[in-house]
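A.B. asks: I am attaching a structure below and will ask some questions about it afterwards.
The values are calculated or read from the model by the stated rules, or taken from the named source; none is laboratory data. Note that the structure is predicted; figures quoted are calculated from it, not measured. As a convention, Cβ positions derive from the backbone with ideal geometry for all residues, glycine included, and neighbour counts pool all protein chains shown.
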Amino acid sequence: MNAEIDSILQRAADGGRITPEEALLLYTDAPFHGLGEAADAVRRRRYPDGIVTYLIDRNINYTNVCVTACKFCAFYRAPKHQEGWSHPMEEILHRCGEALDLGATQVMLQGGHHPDYGVEYYETLFSSVKQAYPQLVIHSIGPSEILHMAKVSGVSIEDAILRIKAAGLDSIAGAGAEMLPDRPRKAIAPLKESGARWLEVMATAHRNGLSSTATMMMGTGETNAERIEHIRMIRDVQDLAVANGYADSAVEAADGPGGFRSFIPWTYQPENNHLKGRTQATRIEYLRFVAVSRLFFDNVAHLQSSWLTTGKDVGQLSLHMGVDDLGSIMLEENVISSAGARHRSNLMELISMIRTAGRTPAQRDTLYRHLTVHENPADDPTDERVASHFSSTAMPGGGRKNLPLVEAS
């Protein structure tokens, strides 16, 4: 192994900070197995119990009407398009009830940038869900939606955040990050806010007591250096959160409140969108990036892989590349599946993926607190209803009748 690469890997595995330049060198040149071993050493040091977590939640989309027209998106429809829709509150609450009956602890309410939806709409949305189902955590929307609602209502970003937090928003999703560096972001989402602006909204949310996740979409033509720049931008914002006391040091208190709780890279899906799959990230590129992310993010507690976009085999392999969380069963998912992601799973299969990788499965909540640790296979859940599903807006011939879910009581 190259002496310089070996030295960087050792320092990172021991918990030392690596620079963006060093991260790029590891991403492009480090031996695959050595890279994975170093990332897994970080995971073992942070989580010596060997637990890998999962979540039961449901993504509920309130509208597909959007003015942003991102080139990679197959979900949105322009205003006044004949295929545009907005769910009434009754339907949204019905889906929340179904999710709760299947053991969900969280809902992710997400939708397009509807030209008429300002802060008032989201206040009604979140408060209605909280009133009907106070036990559900609302981990929803992202900086793009916050910027949009503030513009529609003519209020500041901070005012919008404070109002939707008061209405019931518990946590902000990392949605809309895609690629944060300017060149690739303008190429795939020219009407969206800049990456710096996206991070500014996140920093404002962190300052006001809302923690969040961070994401990245790989495979739309960005360079290796731009991929590393993306995580550099996120790490810098997390440094500020830790320095200002909005987040605990991930090293000292891995599940502390505030800032970015986790990083979730996923891969671009090529169907039904304007990019048409001209560029895509390979599985090896993805796994290498997962490992580098674990080594680079010394201040972000958790690393989640995306079996939904990469497949369950890659999802399981990622558990040997520093990943400590497999994310959600996805009782419903429309946006990524509209672009071609068809990987499905169920609760028993997801637990098996974790167990056969030599880890201990545990159901978590939004803040990564363990709800149930499945110490022994005899204790594993057996509810076959708890399965991922692509609902009517993502699959042809849909409708609620196709949802393999129980009726809400």
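A.B. asks: Determine whether segment 68-80 contains at least one residue that is assigned to a helix (DSSP H, G or I), touching a strand residue (DSSP E or B) at 6+ places or on another chain (Cβ under 7 Å), on the phi < 0 side of the Ramachandran plot and not basic (Lys, Arg).
C.D. replies: No: zero hits.
A.B. asks: Same structure again: Suppose the filter is of a type in the set (Asp, Glu), out of contact with any Lys or Arg (no Cβ under 8 Å at 6 or more places or on another chain) and within 23 Å of ALA225 (Cβ to Cβ); does GLU193 pass it?
C.D. replies: The answer is yes for GLU193.
A.B. asks: Scan segment 316-332 for residues that are crowded, with 24+ Cβ neighbours inside 10 Å and either part of a helix (DSSP H, G or I) or among the aliphatic types (A, V, I, L, M) (or both) and jot them down.
C.D. replies: Result: SER318, MET321, VAL323, LEU326, ILE329, MET330, LEU331.
A.B. asks: Test each condition in (1) in a loop (DSSP other than H, G, I, E, B); (2) within 30 Å of TYR133 (Cα to Cα) for GLY221 and report the one that comes out false.
C.D. replies: Result: GLY221 fails condition (2) only.
A.B. asks: Among the candidates ASP365, ASP324, ASP313, which residue alone is of a type outside the set (A, V, I, L, M), touching a Phe, Trp or Tyr at 6+ places or on another chain (Cβ under 8 Å) and at pLDDT 85 or above?
C.D. replies: So the residue among ASP365, ASP324, ASP313 that is of a type outside the set (A, V, I, L, M), touching a Phe, Trp or Tyr at 6+ places or on another chain (Cβ under 8 Å) and at pLDDT 85 or above is ASP324.
A.B. asks: Does ARG294 meet the test of being at pLDDT below 95 and either in contact with a Leu (Cβ under 6 Å, 6 or more places away or on another chain) or under 18 Å from THR215 (Cα atoms) (or both)?
C.D. replies: Answer is no for this residue.
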